[in-house]
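K.L.:
Here's a structure for you.
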Amino acid sequence: MKDYFIKEKVDPIISGLCRDIKPITILLITKQGTVISEAGDTKSINTTAMAALTAGMFSATREVAKMVGEQQFSILLQQGEKRHIHISLVTEDAMMIIVFEDYRRIGMVRVEAKKAGTRLIDIAMAEKAKDTDAAFAAHHPSTSTNTNENQDARNKDGKISTPEFKEYALNLIDQIFVTKT
Amino acid sequence: MPYISYDKKEISFKIVYYGPGMSGKTTNLMYIHNSLAENLRGELVSLDTEEERTLFFDFFPLELGQIAGYDVKFNLYTIPGQIYYEASRKLMLEGADGVVFVADSNPLRFDRNITSYEMMLDNLASYHIDAEQFPIVLQYNKRDFPDAIERGSLEKVLEIQVPSLEAVATSGEGVMETIRTISKMIIEGFEL
Ligand SMILES: Nc1nc2c(ncn2[C@@H]2O[C@H](COP(=O)(O)OP(=O)(O)OP(=O)(O)O)[C@@H](O)[C@H]2O)c(=O)[nH]1
Ligand SMILES: [Mg+2]
């Protein structure tokens, strides 16, 4: 899966949301359970594990939803003694986790999460469109009038050659997975 | 398909340990976790029952290292082997880049291995994965059983050809070889 949530565009939205609703922590994660962006207190919470567990929880809920004839429950709310968790589906591939304390803020959390979600969708859609354009241009060189600048830059500095990548990776695998004697 | 972020410079692969209940999937994962240097591994999360049977999954992330500026990670998962957790089991295969099938060499469990493998093929098919083109390693675990099933016997019945290894997960024998084999298969098949 490719990540369409460009960090430099997504981070300001997440930190902006954090300023607005003053939660404990906000995480934007993928369906696979990787963290895309985070804000607030990320030290006292194991965000990696939290992302993996929430992703699992969400996929389980999706199956439960199907059983009762729903496609998906778009929001999950976990209410605790002191802390509460609001989880919302942003796109098919991403979800936002908000950990907060004052339950009276739930209305605000819900509204602001929704607003931020819409902006995140816009970012992902825009990136996806760029990608489609670039793929089209690559397959139709003669018609590529507006090669995307961003895409160019990304290819230039971000590119690794596959054979080289494999060689390094295989090497690391040999180094790391050794039986202790 | 691995998760690639050009932007965060991160590539992560998902490896799933599949197999019938009690075959030793969690034991494999725990052994790997214990063997790795602390800076390479994240916390091991286990969602299990009081009897230590996996309820949903075990998970831990590991850092392979930096390659050409990219953080390369492996996320390791186990599935719950018990029959009635079929729904959660299937979920864990979503987005998998490779599978280690941990078979139980106890002869009494022969049929369970077969059923579980067939379920796995069904699960993979439901995600439109062609098992013949997909990295799968077959681990014959519990080789310490006195009358352990013959290596190769499962492939015969299932009519499959996959790399196989022998292991005793409780002592760690064969465990690192297994993860090494599946990781390499995944990397070999990876196209940037
Ligand atoms: N003798 C022997 N016992 C093993 C071996 N590997 C695992 N076990 C034991 O088998 C039991 C089950 O191991 P687990 O790793 O929890 O099995 P699992 O596959 O995760 O089981 P589920 O979570 O229910 O699917 C434990 O008591 C292990 O100690 C082995 O190689 N030899
Ligand atoms: Mg287990």
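K.L.:
Tally up the residues in segment B:145-165 that are touching a residue at least 40 places away in the same chain (Cβ under 8 Å), closer than 25 Å to A:Thr179 by Cβ and of a type outside the set (Val, Ile, Thr), please.
P.N.:
Summing the residues that are touching a residue at least 40 places away in the same chain (Cβ under 8 Å), closer than 25 Å to A:Thr179 by Cβ and of a type outside the set (Val, Ile, Thr) in segment B:145-165 gives 3.
K.L.:
Is it true that some residue in segment A:7-25 is at the interface with another protein chain (Cβ under 7 Å from one of its Cβ atoms), within 24 Å of A:Glu127 (Cβ to Cβ) and among the hydrophobic types (A, V, I, L, M, F, W, C)? Quick ask: steps written out before the conclusion?
P.N.:
Residues of segment A:7-25 at the interface with another protein chain (Cβ under 7 Å from one of its Cβ atoms): A:7.
After this cut, where a residue has to be within 24 Å of A:Glu127 (Cβ to Cβ) as well, the list is A:7.
Now drop any that are not among the hydrophobic types (A, V, I, L, M, F, W, C), which leaves none.
No, because not a single residue in segment A:7-25 is at the interface with another protein chain (Cβ under 7 Å from one of its Cβ atoms), within 24 Å of A:Glu127 (Cβ to Cβ) and among the hydrophobic types (A, V, I, L, M, F, W, C).
K.L.:
Evaluate the following for B:Glu173: is it more than 12 Å from chain A (Cβ to nearest Cβ) and either within 14 Å of ligand 1 (Cβ to nearest atom) or on the phi < 0 side of the Ramachandran plot (or both)?
P.N.:
On the way: more than 12 Å from chain A (Cβ to nearest Cβ): no; either within 14 Å of ligand 1 (Cβ to nearest atom) or on the phi < 0 side of the Ramachandran plot (or both): yes.
No: the conditions fail for B:Glu173.
K.L.:
Check B:Val45 against each of (1) modelled with pLDDT under 90; (2) over 28 Å from B:Lys9 (Cβ atoms) and name the one condition it does not meet.
P.N.:
Answer for B:Val45: the failing condition is (2).
K.L.:
Also, quick follow-up: Could you check segment B:63-86 and list, in sequence order, the residues that are β-branched (Val, Ile, Thr) and in a strand (DSSP E or B)?
P.N.:
Kept after step one, since they are β-branched (Val, Ile, Thr), are these residues of segment B:63-86: B:67, B:72, B:78-79, B:83.
Residues satisfying the conditions are B:Ile67, B:Val72, B:Thr78.
K.L.:
Conditions: (1) touching a strand residue (DSSP E or B) at 6+ places or on another chain (Cβ under 9 Å); (2) modelled with pLDDT under 85. B:Glu51 meets all but one. Number of the miss?
P.N.:
(1)
K.L.:
Here is a check on your reading of the model: is A:Thr61 of a type in the set (Ser, Thr, Tyr), surrounded by fewer than 20 Cβ atoms within 10 Å (Cβ to Cβ) and assigned to a helix (DSSP H, G or I)?
P.N.:
On the way: of a type in the set (Ser, Thr, Tyr): yes; surrounded by fewer than 20 Cβ atoms within 10 Å (Cβ to Cβ): yes; assigned to a helix (DSSP H, G or I): yes.
Judged against the criteria, A:Thr61 is a match.
K.L.:
Does segment B:122-130 include one or more residues that are within 19 Å of B:Thr78 (Cα to Cα) and within 16 Å of ligand 2 (Cβ to nearest atom)?
P.N.:
No, that holds for no residue.
K.L.:
Right, next: Specify the residue that is nearest to ligand 2 (Cβ to nearest atom); the eligible residues are those in segment B:20-40 that are surrounded by fewer than 19 Cβ atoms within 10 Å (Cβ to Cβ) and of a type outside the set (A, V, I, L, M).
P.N.:
B:Gly21
K.L.:
Hey, could you check segment B:41-72 for residues that are charged (D, E, K, R) and buried (at least 17 other Cβ atoms within 10 Å of the Cβ) and say which is farthest from B:Tyr84 (Cα to Cα)? If you could, list the steps in order and put the result at the bottom.
P.N.:
Of segment B:41-72, the ones charged (D, E, K, R) are B:41, B:43, B:48, B:50-53, B:58, B:63, B:71.
In the following step, the residues that additionally are buried (at least 17 other Cβ atoms within 10 Å of the Cβ) were identified as B:41, B:58, B:63.
Values: B:Arg41: 31, B:Asp58: 17, B:Glu63: 33 Å.
Restricting to residues being charged (D, E, K, R) and buried (at least 17 other Cβ atoms within 10 Å of the Cβ), the top hit is B:Glu63.
K.L.:
For segment A:64-74, give me each residue that is aliphatic (A, V, I, L, M) and exposed (fewer than 14 other Cβ atoms within 10 Å of the Cβ).
P.N.:
Of segment A:64-74, the ones aliphatic (A, V, I, L, M) are A:64-65, A:67-68.
A:Val64, A:Met67, A:Val68, listed by residue number.
K.L.:
Restricting segment B:9-51 to residues that are assigned to a loop (DSSP other than H, G, I, E, B) and without any contact (Cβ under 8 Å) to a residue 24 or more places away in the chain, which is farthest from the other protein chains (Cβ to nearest Cβ)?
P.N.:
Taking segment B:9-51 first, the residues assigned to a loop (DSSP other than H, G, I, E, B) are B:9, B:19-24, B:36-37, B:42-44, B:49-51.
Within this subset, residues satisfying the condition of being without any contact (Cβ under 8 Å) to a residue 24 or more places away in the chain are B:37, B:42-44, B:49-51.
Values: B:Ala37: 8, B:Gly42: 5, B:Glu43: 5, B:Leu44: 9, B:Thr49: 16, B:Glu50: 19, B:Glu51: 20 Å.
Ranking the candidates gives B:Glu51 first.
K.L.:
Among the residues of segment B:153-170, which ones are within 16 Å of ligand 1 (Cβ to nearest atom) and under 26 Å from A:Tyr168 (Cα atoms)?
P.N.:
Those that are within 16 Å of ligand 1 (Cβ to nearest atom) and under 26 Å from A:Tyr168 (Cα atoms): B:Ser164, B:Leu165.
K.L.:
Moving to a separate point now. If B:Asp58 satisfies every condition in (1) closer than 25 Å to B:Ser5 by Cα; (2) away from ligand 1 (no atom under 11 Å from the Cβ); (3) at pLDDT below 95 but one, which is the exception?
P.N.:
It fails just one condition, (2).
K.L.:
Name the single residue, out of those in segment B:19-55 being of a type in the set (Ser, Thr, Tyr) and within 14 Å of ligand 1 (Cβ to nearest atom), that is nearest to B:Ile179 (Cα to Cα). Outline the logic, then answer.
P.N.:
So the first thing to find is which residues in segment B:19-55 are of a type in the set (Ser, Thr, Tyr), and the list is B:23, B:26-27, B:31, B:35, B:46, B:49, B:54.
Remaining after also requiring within 14 Å of ligand 1 (Cβ to nearest atom): B:23, B:26-27, B:31, B:46, B:49, B:54.
Numbers: B:Ser23: 16, B:Thr26: 13, B:Thr27: 13, B:Tyr31: 11, B:Ser46: 19, B:Thr49: 26, B:Thr54: 20 Å.
Per the stated criteria, the residue is B:Tyr31.
K.L.:
Before we move on, is B:Glu118 within 15 Å of ligand 1 (Cβ to nearest atom), under 27 Å from B:Ile149 (Cα atoms), surrounded by fewer than 18 Cβ atoms within 10 Å (Cβ to Cβ) and more than 9 Å from every other protein chain (Cβ to nearest Cβ)?
P.N.:
Working: within 15 Å of ligand 1 (Cβ to nearest atom): no; under 27 Å from B:Ile149 (Cα atoms): yes; surrounded by fewer than 18 Cβ atoms within 10 Å (Cβ to Cβ): yes; more than 9 Å from every other protein chain (Cβ to nearest Cβ): yes.
Judged against the criteria, B:Glu118 is not a match.
K.L.:
Sticking with this one: Can you tell me which residue in segment B:59-101 is nearest to ligand 2 (Cβ to nearest atom), limited to those that are more than 8 Å from every other protein chain (Cβ to nearest Cβ) and hydroxyl-bearing (Ser, Thr, Tyr)?
P.N.:
B:Thr78
The values are calculated or read from the model by the stated rules, or taken from the named source; none is laboratory data. All values reported here derive from a predicted model rather than from experimental measurement. Backbone-built Cβ (ideal geometry, glycine too); neighbour counts: all protein chains shown.
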